[in-house]
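> Dumping the structure here so I can ask a few things about it.
Derivation of every value follows stated rules applied to the coordinates shown; laboratory data play no part. In this text, all values refer to a predicted model and were calculated from it rather than measured experimentally. Reconstructed Cβ throughout: ideal geometry from the backbone, glycine too, with neighbour counts over all protein chains shown.
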Amino acid sequence: MAVLQRPNRIEIDLSALANNAATIRNIVGPQVKVWAALKANAYGFGLEVVAKTVLDSGADAIAVGDVAAGVRLRQYGVASPILVYAGGLLTRPAADAAEAHGLTLTLPDLAAARRVSARAARTLKVFVKVDSGLERLGLDPADAGEQIMTIARLPRLVIEGLYTHLHVPPGCPPPYAQWQFERFDRVVTQVRRQGLEIPVAMAASSAVLSISRTMNLNAVDPGRLFYGLVPPGEALTAFEFRPVLTAIKTQLAQVKTLTRTEFVELAPYPVRSGMRIGILPFGRADGFNQINSGEVLVRGRRSRLLGDVAIEHARIDLTDVPDAQPEDEVVILGCQGTEAITVEDVAANQRYVGQADLTLAIGSDVERVYLRGPTAEGLPTAAGADARVDAWS
Ligand SMILES: Cc1ncc(COP(=O)(O)O)c(C=O)c1O
């Protein structure tokens with residue numbers, strides 16, 4: 001129950017999420033299917049509410065990271081197609097759950113296809129993944145056409161789609177993306193020429209949509225664009241994407257004045273007698289090491305972090321906020337009064353955290369609070385998540 005947990009929350013603007021879903025739909029046009037890539041609990045934003053919002057606002061289908069996530073969505077009432085991306089083991093329970101819940105599994109190679117075919121009790125819909133350049137999961141384009149034709153002849157498997165995930169590093173040379181796209185496109189063309197119907201062909205993640213409009217095929221599967229995280233590139237500059245993550249907040253658990261005069265040099269951080277500090281109930285387990293800018297906001301003023309972040313706590317210097325009181329709101333990211341801590345401020349203080357990784361780093365105990373939802377009607381309680389819906393209007 002949220003009220004009994006530590007008072008940590010991230011605020012998620014569902015009207016921005018709906019706007020971004022509608023913008024993606026607008027960019028690709030009505031003929032192209034939009035599969036929302038909602039891996040990793042929808043990049044930490046909360047799978048169920050994100051899925052409902054994007055399906056209501058322009059997406060046609062959902063792609064998730066494992067069978068368990070697909071089952072969660074079905075139990076929540078999502079009726080759209082659900083693709084389970086490659087990566088999980090294709091065990092008999094996975095095949096059974098896919099069958100029972102109408103989930104579409106990904107086959108990354110012929111060996112996996114043989115296992116699923118042998119394990120499936122009835123006909124299963126599957127997608128086949130081709131590895132065009134990421135050197136990760138999927139078939140080698142060199143002989144993918146033949147392998148796919150062999151998979152198509154296996155019992156109990158119906159190939160509904162082919163997809164790939166291109167390697168698009170920042171500053172990607174256009175010929176590099178084009179080379180990968182063509183490797184995939186040739187495979188699709190080859191199997192279609194051999195008479196195999198391929199209803200879905202998909203190669204465009206957010207980075208691909210950011211650099212080109214010519215690689216959409218008949219379906220796209222962006223992820224981070226839904227959250228307003230726009231990768232570098234020219235193709236989307238004319239469109240408005242809004243940030244969905246609007247704030248990360250906690251409250252002061254304790255405020256006190258230090259009196260230490262002995263062993264000062266061994267203190268956990270440089271202390272002075274008479275120093276005012278505050279304790280935050282937000283620590284490493286909540287992802288604080290990856291998501292802090294080195295400062296927080298209290299009563300509209302900046303306050304710097306002191307010492308190392310503990311598992312569930314951190315300390316701040318309240319010298320410049322002498323009026324701070326226990327339970328005061330503390331903003332880790334977002335606005336307070338006239339001050340703001342931005343995603344860029346956090347990134348500048350971090351070595352490894354990209355913008356898309358911020359919410360991934362936030363611990364599951366931190367409450368996801370959904371603001372400005374398009375509608376609260378028919379919204380069941382998120383299974384397995386203590387999601388609260390504030391200020392639906
Ligand atoms: C196969 C596949 N498609 C699409 C995506 C979405 O990528 P992005 O969030 O960069 O749009 C991912 C994310 O890892 C992926 O693995």
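> Multiply the residue gap between M149 and S364 by 0.36 nm, knock off their C-alpha separation, and tell me the result in nm, one decimal place.
73.2 nm
> Please compute the modelled spin-label separation between R351 and T189, points set 7 Å along Cα→Cβ, answer in nm with one decimal.
Modelled inter-label distance: 4.6 nm.
> Round to a whole angstrom and tell me the spacing of the C-alpha centers of region 275-291 and region 74-144.
Using only Cα atoms, the two centres lie 41 Å from each other.
> Within region 309-342, find all residues whose amide N lies under 15 Å from a label point positioned 7 Å from the Cα of R272 along Cα-to-beta-carbon.
317-322
> What is the Cα coordinate range of region 91-149 on the first, second and third principal axes, sorted by size from largest, in whole angstrom?
Sorted from largest, the Cα extents of region 91-149 read 34, 20, 15 Å.
> Quick one: grab the alpha carbon gyration tensor of region 1-81, order the square roots of its eigenvalues as a ≥ b ≥ c, and give me rounded if a/c is under 1.5, else prolate or oblate depending on whether a/b is larger than b/c. Walk me through the intermediate numbers first.
Working: a/c = 2.53, a/b = 1.49, b/c = 1.70.
Oblate.
> When the Kirkwood radius is taken over all Cα pairs of region 216-357, what Stokes-Einstein diffusion coefficient follows at 37 °C and 0.692 mPa s, in µm²/s?
Here the translational diffusion coefficient equals 193 µm²/s.
> Moving to a separate point now. Suppose R0 equals 30 Å; then what is the FRET efficiency for R156 and A22 from their Cβ-Cβ distance, rounded to the nearest 0.05?
So, using R0 = 30 Å, E works out to roughly 0.20.
> How much length would be gained if the chain were fully extended between D140 and L4, taking 0.36 nm per residue of separation minus their Cα-Cα distance, in nm to one decimal?
So the chain would gain 43.8 nm between D140 and L4.
> Stretch A121-Q31 to full length: gain in nm at 0.36 nm per residue minus the Cα-Cα span?
Numbers: separation 90, 0.36 × 90 = 32.40 nm, distance 3.42 nm.
Value of the extension gain: 29.0 nm.
> While we're here: Ranked by Cβ crowding within 10 angstrom, fewest neighbours first, how are C335, C172 ordered? Before the final figure, lay out the partial values.
Details: C335 14, C172 21.
Final ranking by Cβ density, sparse to dense: C335, C172.
> For each pair in K39/K129; K33/K129; K33/K125, compute the distance between the two Cα atoms and list the pairs where it is over 21 Å. Write out the running numbers ahead of the final one.
Values: K39/K129 16 Å; K33/K129 17 Å; K33/K125 17 Å.
From the list (K39/K129; K33/K129; K33/K125), the Cα-Cα distance tops 21 Å for no pair.
> Arrange the peptides 112-123, 296-307 so that the one whose residues have, on average, the most other Cβ atoms within 10 Å appears first.
296-307, 112-123
> What are the extents of the Cα atoms of region 271-330 along their three principal axes, listed from largest to smallest and rounded to whole Å?
If we take the Cα atoms of region 271-330, the spans are 29, 24, 19 Å.
> Here is a further query. Provide the FRET efficiency to the nearest 0.05 for the T257-Q75 pair, computing r from the beta carbons and using R0 = 56 Å.
Efficiency computed from Cβ-Cβ geometry: 0.65.
> Same structure, new question: Report the Stokes-Einstein translational diffusion coefficient (µm² s⁻¹, integer) for the chain, Rh taken as the Kirkwood radius over Cα pairs, at 10 °C with viscosity 1.306 mPa s. Please list the in-between numbers first.
On the way: Rh = 22.9 Å.
Stokes-Einstein gives a translational diffusion coefficient of 69 µm²/s.
> Okay, helix-only estimate at 222 nm for the chain: each DSSP H run of n ≥ 4 adds -39500 (n - 2.57), divide by all residues, round to 500 deg cm²/dmol; what do you get?
Dividing the helical sum by the residues of the chain leaves -8000 deg cm²/dmol.
> Search the structure for amide H atoms under 5 Å from the amide H of L134, placed 1.01 Å from N in the peptide plane, and list their residues when 5 or more places away or on another chain.
Correct list: H167.
> Under the Karplus relation 6.51 cos²θ - 1.76 cosθ + 1.60, θ = phi - 60°, what is the ordered set of whole-Hz ³J(HN,Hα) values for region 185-202, x standing for Gly and Pro?
4, 4, 5, 4, 4, 4, 6, 5, 4, 7, x, 7, 7, 10, x, 10, 10, 9
> Rounding to the nearest 20 debye, state how big the charge dipole of the chain is about its Cα centre with +1 on each Lys and Arg Cβ and -1 on each Asp and Glu Cβ. Spell out each step's value before the answer.
Details: 40 positive and 42 negative charges, 176 e Å.
That gives a dipole near 840 debye.
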